[in-house]
């Protein structure tokens with residue numbers, strides 16, 4: 001019973017987050033995927049259906065998970081800026097804007113992306 005409740009909360013959170021970013025398809029979105037061990041981010045152009053920039057912490061071995069998340073935010077922002085993207089929509093999926101997800105967003109903003 002408890003797992004169904006948690007699943008429903010995640011689904012509702014996903015729907016809310018996607019509804020906020022679905023209105024402006026002309027701006028690429030920065031999607032963050034967080035698992036228990038790793039975090040990855042990619043800038044996606046939904047009109048063309050292609051990934052413009054991506055970064056993952058799978059090969060990183062030093063630092064805490066939050067420090068690695070901040071490095072991922074900086075890496076994906078630099079790659080996006082190199083691809084000519086300056087503004088993005090932030091897609092956190094079903095994850096709360098807290099901890100590692102917030103660290104990715106703050107580092108991407110500090111590196112030059114605007115949300």
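Yes/no per residue for (1) surrounded by 16 or more Cβ atoms within 10 Å (Cβ to Cβ); (2) touching a strand residue (DSSP E or B) at 6+ places or on another chain (Cβ under 9 Å); (3) more than 16 Å from residue 108 (Cα to Cα); (4) at pLDDT 95 or above:
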{"position": "8", "(1), (2), (3), (4)": "no, no, yes, no"}
{"position": "15", "(1), (2), (3), (4)": "no, no, yes, no"}
{"position": "69", "(1), (2), (3), (4)": "yes, yes, no, yes"}
{"position": "90", "(1), (2), (3), (4)": "yes, yes, no, no"}
{"position": "97", "(1), (2), (3), (4)": "no, yes, no, no"}
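Restricting 93, 84, 73 to those that are within 16 Å of residue 29 (Cβ to Cβ) and in contact (Cβ under 8 Å) with a residue 40 or more places away in the chain reduces the list to 93.
When region 21-67 is examined, which residues are found to be in contact (Cβ under 8 Å) with a residue 60 or more places away in the chain and farther than 12 Å from residue 104 by Cβ?
Step one: of region 21-67, the residues in contact (Cβ under 8 Å) with a residue 60 or more places away in the chain are 21, 24, 27-34, 39, 41.
Listed by number, the residues that qualify are 21, 24, 27, 28, 29.
The values are calculated or read from the model by the stated rules, or taken from the named source; none is laboratory data. Every value quoted in this text rests on a predicted model; they were computed, and no experiment measured them. All Cβ positions, glycine included, derive from the backbone under ideal geometry; neighbour counts span all protein chains shown.
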